[in-house]
Amino acid sequence: MADTVSINPDEQDAGWRLTGRHVLLLMVGFFGIIIATSIVFTTLAVTSFRGEDVERSYRQGLDYNTTLSDRAVQSELGWGAAVNVSGEVDNRTLVVQLSDSGGAVITGTTFTGGLRHPVDSTLDHRIDLETHGDGIARADISGLLGQWTLEVSAVNGEDRFEFRRDLDLR
């Protein structure tokens, strides 16, 4: 005789049954994992990188026309900058030299600058660019490794020249 299936609700099945309690626990567990993961990733995102690479970026956006006119004046000077890094990691020197449109070294210039880290602004370094009357500025950058952006401002009388260079210090 073939097995028959009873649809009588009074008969108990000896196997596992999915109940409302099981569904509730599955739903709470599923959404609990989703919420916990969201909290962890949101906390990591907020505490690791604030998403702003430049301070006062809104103000800089408002002053963009002034920036463009300053760059046009700088372009008319025809100056150029040569950047060189020499030495090993423990004894490394940054060398900056300005030249005019004819290639002559520009002397009497005061340099200020810094190295910006491309990801974390807390790692940025101010550097002391020293000149010795020969138009060449030197700075000690010993111990620095990785990718950096050199930002230099040079002033010679009324003229101002600003430039950036990406450096790969290995």
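Read-outs: derived from the displayed coordinates by stated rules, not from any lab. On a predicted model such as this, the values are computed, not experimentally measured, just so you know. Virtual Cβ from ideal backbone geometry, glycine too; neighbours counted across all protein chains shown.
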**Prompt:** Taking 0.36 nm per intervening residue step and subtracting the Cα-Cα distance, what contour gain separates THR42 from ARG164 on full extension?
**Reply:** 40.5 nm
**Request:** Could you work out how far helix 20-48 tilts from the main Cα principal axis of the chain, as a 0 to 90 degree angle to the nearest 10?
**Result:** 10 degrees
**Message:** Here are a few candidate values for percent of Cα pairs over 28 Å apart: (1) 52; (2) 24; (3) 40. Which one was actually calculated from the structure I just gave you?
**Reply:** (1)
**Request:** Can you tell me the 0 to 90 degree angle between the C-alpha axis of helix 64-77 and the longest principal axis of the chain, rounded to 10?
**Result:** 40 degrees
**Message:** Run the helix sum for the chain: -39,500 (n - 2.57) per DSSP H stretch of 4+ residues, divided by residue count, reported at 222 nm to the nearest 500 deg cm²/dmol.
**Reply:** -9500 deg cm²/dmol
**Asked** By per-residue mean of other Cβ atoms within 10 Å, what is the highest-first order of 143-150, 38-45?
**Response** 143-150, 38-45
